[in-house]
Amino acid sequence: MTKLIRVVIVEDHALTRAGLRTALSGTCEVVSEAPDGLSGWEIICREVPDVAVIDLGLPGIDGIELTQRVRAKLPSVRVVILTMIDLEEEVIAALAAGADAYCLKSSDPQHILEAVRIAHDGGAYFDAKIAHVVLARFGRGGSARETVSPLTERETEILRLVADGVGNSEIAECLHIGLGTVKGHVRDILEKLSASDRTHAAVLALRKGYI
């Protein structure tokens, strides 16, 4: 039997908490919930869950400070930020605090579940609706460049287009190559970067300075 991912939800709206419980059921075990940052911190310390789903705009201490505390004291706990806000300052602040994933409350529940899964497995997830914020900031030099990239020049070229939100058909037309060739390159990129999808691959590459 597959072990359930232990989750703590820190969210001040009861209806949102109920929706999250439903979305996460089956794959996750919601071991506890909290309506504010201070009680959330106490519960996370007590339960030490696999993943903490934290609302950004919490009363008491906000989601940024709570994430910072978790990262400093409980590094094994992965953090998924959940918010209604897609402002660049808020997204970047959450990343700087150490969040592993960032989802909008308007996201499909399956996307939130996917974010929890990816964070639990050690990956990074950014909702497609706010990925452009992350890509724009890192694309302006917000990441330290690593010396060696596993990507070929063509793969790097394709991933830059992916990061700009260009679809496979448009990439094929832009680079004058077949659609099947583009799909093959994207598949190789995902494998090389151990990425779950195109957005995840672009974010990882930008973080590492590959593009």
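The values are calculated or read from the model by the stated rules, or taken from the named source; none is laboratory data. On a predicted model such as this, the values are computed, not experimentally measured, just so you know. Virtual Cβ from ideal backbone geometry, glycine too; neighbours counted across all protein chains shown.
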For the range 36-48 the number of residues that are within 11 Å of residue 8 (Cα to Cα) and either surrounded by 18 or more Cβ atoms within 10 Å (Cβ to Cβ) or of a type in the set (Phe, Trp, Tyr) (or both) is 4
Can we say residue 15 is of a type in the set (A, V, I, L, M) and touching a residue at least 40 places away in the same chain (Cβ under 8 Å)? no
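Among the candidates 156, 147, 152, which residue alone is at pLDDT below 90, assigned by TED's automatic domain parsing to the domain that holds residue 199 and more than 12 Å from the chain's Cα centre (by Cα)?
None of the others qualify; the one that does is 147.
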Picking from 77, 53, which residue would you name as being more than 21 Å from residue 13 (Cβ to Cβ) and either at pLDDT 95 or above or among the β-branched types (Val, Ile, Thr) (or both)? 77
Subset of the range 7-30, residues surrounded by fewer than 18 Cβ atoms within 10 Å (Cβ to Cβ) and either of a type in the set (A, V, I, L, M, F, W, C) or in contact with a strand residue (DSSP E or B) (Cβ under 9 Å, 6 or more places away or on another chain) (or both), comes to 12, 13, 14, 15, 16, 18, 21, 27, 29
Meets criteria (farther than 19 Å from residue 51 by Cβ, of a type outside the set (Val, Ile, Thr), in contact with a helix residue (DSSP H, G or I) (Cβ under 9 Å, 6 or more places away or on another chain) and in contact (Cβ under 8 Å) with a residue 24 or more places away in the chain) for residue 65: no
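Test residue 173 against the stated conditions and say whether it is at pLDDT 90 or above, touching an Asp or Glu at 6+ places or on another chain (Cβ under 7 Å) and either surrounded by 14 or more Cβ atoms within 10 Å (Cβ to Cβ) or in a helix (DSSP H, G or I) (or both).
Taking the combined requirement at face value, the residue does not satisfy it.
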